[in-house]
Amino acid sequence: MGKGTVIEIDGYTILRRLGTGARSIIYLAVEESTKNTFAIKRAILENPEDTRIFEQMETEFKVARQIDHPYIRKCYNMIRNRKFLKTNELILIMEYFDGQNMEDQKRLSMGDVLLVFRMVAIALNAMHEKGFVHCDIKPNNILFNPQGGIKIIDLGQSCRIGEIKKRIQGTPDYIAPEQVRREHLSHRTDIFNLGATMYWALTGRNIPTLIPKNNELGAAADNAGECKSPNELYRKIPKPLSELVMECVQEKPADRPPNMLEIINRLDVMIREIFGARTSGNAAKLNTTLS
């Protein structure tokens with residue numbers, strides 16, 4: 001599947017390539033009958049390892065079809081093309097969202113960070129209520145736009161709450177201990193992934209995980225060791241927010257916050273404090289000006 005590949009899908013006009021994923025390419029397309037815009041993910045079976053992206057696309061389609069939430073990207077249709085009675089191409093028709101992922105965003109204010117993660121927590125809570133865990137929350141899987149819209153994407157590693165996966169799945173910088181140990185996955189797995197993502201957003205650093213990273217010499221580096229809290233690294237980060245993040249990334253799932261609702265409630269308190277302080281500050285300036 002070369003970069004110059006031109007594809008044709010019955011009923012759709014391909015406008016341009018949006019990006020490249022794990023053994024897949026995502027295109028922007030218009031449905032000819034409705035003129036509606038969609039994102040289309042396409043994967044071709046070229047090598048034996050490509051079966052994994054097929055599995056993930058099938059999972060994304062099945063899970064997304066069971067969740068209807070404005071902060072989670074919808075999947076509308078799956079096209080399976082076969083050759084010699086074997087599926088050799090998958091095409092996933094998805095909701096198009098014109099936004100950037102968190103890694104590509106410019107510097108965000110503290111208020112913006114809190115609002116974004118509150119919406120992420122709301123979306124994950126909706127998944128948990130349906131009995132699913134996302135299992136791969138990270139900056140690249142959170143899209144948002146200047147208008148305040150947000151989408152969680154890539155449900156390809158999602159699973160039922162309580163499932164044990166046969167192999168390790170997750171992103172090394174954000175993966176929970178129970179994912180590495182192949183233990184039961186729960187809503188608290190998403191809480192760890194979310195906490196690790198919040199840690200990165202606040203500090204620009206990654207927390208240590210159970211998957212070793214390579215050092216400059218190419219050897220596996222020891223990730224163990226003390227992880228400083230965001231507030232210890234940057235004093236301007238509110239202590240309650242720093243404490244929440246560190247609670248989310250506790251090694252034992254039972255030591256993390258019990259659910260996303262608690263995280264939402266604690267973020268709400270911080271958001272009211274920040275925006276309340278801004279409102280009070282603006283009022284004070286106004287009174288000073290008027291006097």
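We did not get these values from a lab; they are worked out from the coordinates using the rules stated. Quantities reported herein were computed from a predicted structural model and do not represent experimental measurements. Every residue, glycine among them, receives a Cβ derived from its backbone with ideal geometry; neighbour counts consider all protein chains shown.
On the basis of the beta-carbon distance and an R0 of 30 Å, Lys62 and Gln147 show a calculated FRET efficiency of 0.50.
Considering only Ile9, Leu233, Gly195, and ranking their Cα positions along the charge dipole of the chain that arises from unit charges at the beta-carbon of Lys, Arg, Asp and Glu, the one farthest toward the positive end is Ile9. The Cα atoms of the chain define a convex hull whose projected area, averaged across directions, is 19.6 nm².
Net length available on complete extension from Ile79 to Glu243 is 54.5 nm, with 0.36 nm assigned per residue and the Cα-Cα distance removed. Overall shape of region 12-95 was characterised from the C-alpha gyration tensor. The equivalent ellipsoid obtained from it has semi-axes of 21, 16, 12 Å, in decreasing order. Near Gly19, the amide H atoms lying under 5 Å from its own belong to Ile26; only residues 5 or more places off or on other chains count, and H is placed 1.01 Å from N. To make sure I understand the rule: partners must be aspartates and glutamates, Cα under 12 Å from the Cα of Lys166, and not fewer than 8 residues away in the same chain. Which ones qualify? Counting by Cα, and skipping residues close in sequence, Lys166 has these aspartates and glutamates nearby: Glu183. Computed over the chain, the per-residue total of -39500 (n - 2.57) for DSSP H runs of n ≥ 4 gives a 222 nm mean residue ellipticity of -11000 deg cm²/dmol, rounded to 500. For the Cα trace of region 118-213, dividing Rg by the Kirkwood Rh returns an Rg/Rh value of 0.96. One chain, two ends: Glu32 and Phe275. Fully extended at 0.36 nm per residue, the span grows by 83.0 nm beyond their Cα-Cα distance.
For the listed residue pairs Lys151/Lys239; Lys62/Lys86; Lys86/Lys151; Lys74/Lys236; Lys86/Lys138; Lys35/Lys130, the alpha carbons are over 30 angstrom apart in Lys86/Lys151; Lys74/Lys236; Lys86/Lys138; Lys35/Lys130.
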